[in-house]
Amino acid sequence: MLAHAAAAAALWLVLPGLAGAALAVAFLALGSAAAWSRALLRAPGSVRAIELGGATPVFRLADGTELAAPVAARRYVTRYVVALPLGSPLRRTLLVSADMLGVEEFRRLRLWALWNRLPGVAPKQLAA
């Protein structure tokens, strides 16, 4: 949003008058729309939840739709962020930062992204 505001201000300085003001307002509107749909995750197609455990993860979108989409084998996993390239029908890269989830949920997501399976409990530990 700040970049669009700076571009609007620069445009208004370069092109004074009504045309410059109209274009500056258009740039601000474009920045607001981009922030609303991408940064604030308010678009109907924004991913709200991931269900792991099956053969293919299921992604729940903001509009309530649930879609199963394969995740590419090449993933980016660090202590602070996980990037998951999704296949069809979503065809985007899902970026999850550490503060988007609880500590344990983010740990489980990182382990799943690295090893393609969730951590489990050994059968001996279940009996105890």
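Points to keep in mind about this one:
- Flag if R42 is in contact with a Phe, Trp or Tyr (Cβ under 8 Å, 6 or more places away or on another chain) and either touching a residue at least 12 places away in the same chain (Cβ under 8 Å) or over 19 Å from M100 (Cβ atoms) (or both): yes
- Residues of segment 52-75 satisfying the condition of being surrounded by 10 or more Cβ atoms within 10 Å (Cβ to Cβ) and over 20 Å from P119 (Cβ atoms): F59, R60, L61, A62, D63, T65, E66, L67, A68, A69, P70, A72
- Single residue of A62, A21 found to be free of Cβ contacts under 8 Å to residues at least 60 places away in the same chain and within 13 Å of the chain's Cα centre (by Cα): A62
- Qualifying residues in segment 40-51 (those that are hydrophobic (A, V, I, L, M, F, W, C) and surrounded by fewer than 13 Cβ atoms within 10 Å (Cβ to Cβ)) - the one modelled with the lowest pLDDT: L40
- Taking segment 95-107 as the range and being surrounded by fewer than 17 Cβ atoms within 10 Å (Cβ to Cβ) and under 17 Å from R48 (Cβ atoms) as the test, the residues that pass are L95, S97, D99, M100, L101, G102, E105.
- Restricting attention to segment 9-39, the residues being outside any helix (DSSP H, G or I) and either assigned by TED's automatic domain parsing to the domain that holds V96 or surrounded by 13 or more Cβ atoms within 10 Å (Cβ to Cβ) (or both) number 1.
- Test: G45 is part of a loop (DSSP other than H, G, I, E, B) and touching a strand residue (DSSP E or B) at 6+ places or on another chain (Cβ under 7 Å): yes
The values are calculated or read from the model by the stated rules, or taken from the named source; none is laboratory data. Everything numeric here is computed off the predicted structure, so don't read it as measured data. So basically every Cβ, Gly included, is an ideal-geometry build from the backbone, and we count neighbours across all protein chains shown.
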